[in-house]
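Colleague: Shown below is the structure under consideration.
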Amino acid sequence: MFKRLSAVLAALALTAAAGCGTSSPPPGTAASAPATATAAPPSGAAFPVKVDHIYGTTEIAKRPERIVTIGLSDHEPVLALGFKPIGVVDWFQRSPFSDWPWAKAMWGGTEPTVLGLREDGVKFEKLVALKPDLIFAMYSGIQKEHYDKLSQIAPVVAQPKGYDPYAAPWQEMTLLAGRALGEEARAQELIAGIADRFAKVRADNPQWKGLTAVAADSFKAGQYSAFQKGDPKSAFLAELGFTIPERITEQAGKSNVAEFGSEGLNLLEVDRLVWLTTGKEPWERIRNDSVYKELKVAKQGRDLFLTYQDPPVGAALSFNTVLSIPYAIDQVVPLLKK
């Protein structure tokens with residue numbers, strides 16, 4: 001289930017598990033597409049640099065050359081800023097890892113070492129063997145004791161201050177990565193470019209302002225999840241101009257999802273409902289739920305069904321990074337306008 005899970009460092013494994021909107025989807029093969037952001041070469045900014053995060057301040061003495069990312073989406077802002085991580089966590093079990101259409105060109109054929117899957121966690125021995133000189137743990141839910149242990153290996157950048165685990169906005173993630181890499185100006189430039197994209201979508205679709213929208217998933221018959229406003233998928237819908245109902249966020253509490261059975265499907269009675277599922281198989285099951293069929297959003301065809309992979313629209317929404325957002329906009333906006 002998509003729930004925030006704490007990172008667990010034990011014996012030989014560092015588990016940086018997070019909710020993903022589903023159990024990890026099977027490998028897929030999406031057609032490649034041109035990159036929607038261009039990584040500028042590192043500027044050679046002056047080091048050392050210091051960055052603040054939830055666990056204090058980290059100093060990076062020199063330009064990093066062996067970066068490891070243990071946050072589920074941390075590799076993407078790092079890539080966008082012109083650096084290729086040598087070690088990553090695999091969220092969706094995509095093979096090859098670098099095949100996501102919005103990031104493929106930036107990897108340039110380079111394959112990072114996969115340190116672990118979302119469910120299994122990061123293998124500590126594997127991480128140590130890479131001899132990293134900087135570790136990003138922003139979208140990881142890392143705990144203080146694990147942060148301290150990793151800091152004995154290399155400087156660690158944990159999540160931005162002021163946010164629950166897995167709830168920091170993509171802008172803050174990008175800025176934090178930019179500061180750590182000596183590329184804050186480039187990070188601000190990338191953020192401004194994405195902001196312009198969202199602004200254009202809102203200007204082109206003023207009818208969405210004030211309408212409610214929810215992103216949801218269903219993992220098995222009679223069980224449903226709706227993503228609260230801090231979740232990346234809901235944050236994406238909000239930046240298109242929609243409003244995420246407070247009742248979803250209130251019911252989710254400290255989780256990133258509100259979970260309920262068929263009897264709670266009225267939570268999904270919104271203006272636009274976006275389903276994200278592993279494959280297309282759940283679609284008919286959801287549509288045939290006797291309670292769901294009675295919702296106005298279903299009767300009036302205001303629901304939209306998307307997959308996490310093949311095509312990887314749901315994955316792009318789940319990452320919701322400076323790299324994946326342009327792809328998500330290109331894919332989702334035309335479908336929402338139908």
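Colleague: Taking segment 244-264, which residues are closer than 28 Å to Tyr327 by Cα and touching a helix residue (DSSP H, G or I) at 6+ places or on another chain (Cβ under 9 Å)?
Modeller: Selection gives Ile244, Pro245, Ile248, Thr249, Asn256, Val257, Ala258.
Colleague: What do you reckon, is Ser98 part of a helix (DSSP H, G or I) and of a type in the set (Gly, Ala, Ser)?
Modeller: When the stated conditions are applied, Ser98 passes them.
Colleague: Within segment 117-162, restricting attention to residues that are over 23 Å from Pro77 (Cβ atoms) and among the hydrophobic types (A, V, I, L, M, F, W, C), which residue is surrounded by the most Cβ atoms within 10 Å (Cβ to Cβ)?
Modeller: By that ranking, first place goes to Phe124.
Colleague: Of the conditions (1) part of a helix (DSSP H, G or I); (2) under 20 Å from Val201 (Cβ atoms); (3) not charged (D, E, K, R), Val322 satisfies every one except a single condition; which number is it?
Modeller: (1)
Colleague: Identify, please: which residue in segment 64-100 is farther than 11 Å from Leu323 by Cβ and among the charged types (D, E, K, R) and is, among those, surrounded by the most Cβ atoms within 10 Å (Cβ to Cβ)?
Modeller: Asp74
Colleague: List, please: which pairs have Cβ atoms under 6 Å, are six or more places apart or on different chains, and start with a residue in segment 317-328 that is in contact (Cβ under 8 Å) with a residue 24 or more places away in the chain and end with one that is among the aromatic types (Phe, Trp, Tyr)?
Modeller: Leu317/Phe236; Asn320/Trp170; Asn320/Phe236; Thr321/Trp170; Leu323/Trp102; Ser324/Trp102; Tyr327/Trp102
Colleague: Exactly one condition in (1) out of contact with any strand residue (DSSP E or B) (no Cβ under 6 Å at 6 or more places or on another chain); (2) without any contact (Cβ under 8 Å) to a residue 24 or more places away in the chain; (3) under 21 Å from Leu317 (Cα atoms) is false for Gln228; which is it?
Modeller: All conditions pass for Gln228, except number (2).
Colleague: Among the candidates Leu181, Leu267, Leu190, Leu273, which residue alone is free of Cβ contacts under 8 Å to residues at least 60 places away in the same chain and of a type outside the set (Gly, Ala, Ser)?
Modeller: After applying the criteria, what remains is Leu267.
Colleague: Cβ-Cβ below 6 Å, separation at least six or inter-chain, first residue in segment 107-133 and outside any helix (DSSP H, G or I) and modelled with pLDDT of 95 or more, second of a type in the set (Asp, Glu) and surrounded by 16 or more Cβ atoms within 10 Å (Cβ to Cβ): which pairs?
Modeller: If the second residue must be of a type in the set (Asp, Glu) and surrounded by 16 or more Cβ atoms within 10 Å (Cβ to Cβ), the pairs left are Val114/Asp90.
The values are calculated or read from the model by the stated rules, or taken from the named source; none is laboratory data. All figures in this text were calculated on a predicted structure; none of them were measured in a lab. Glycine gets a Cβ as well: all are built from the backbone with ideal geometry, and neighbour counts include every protein chain shown.
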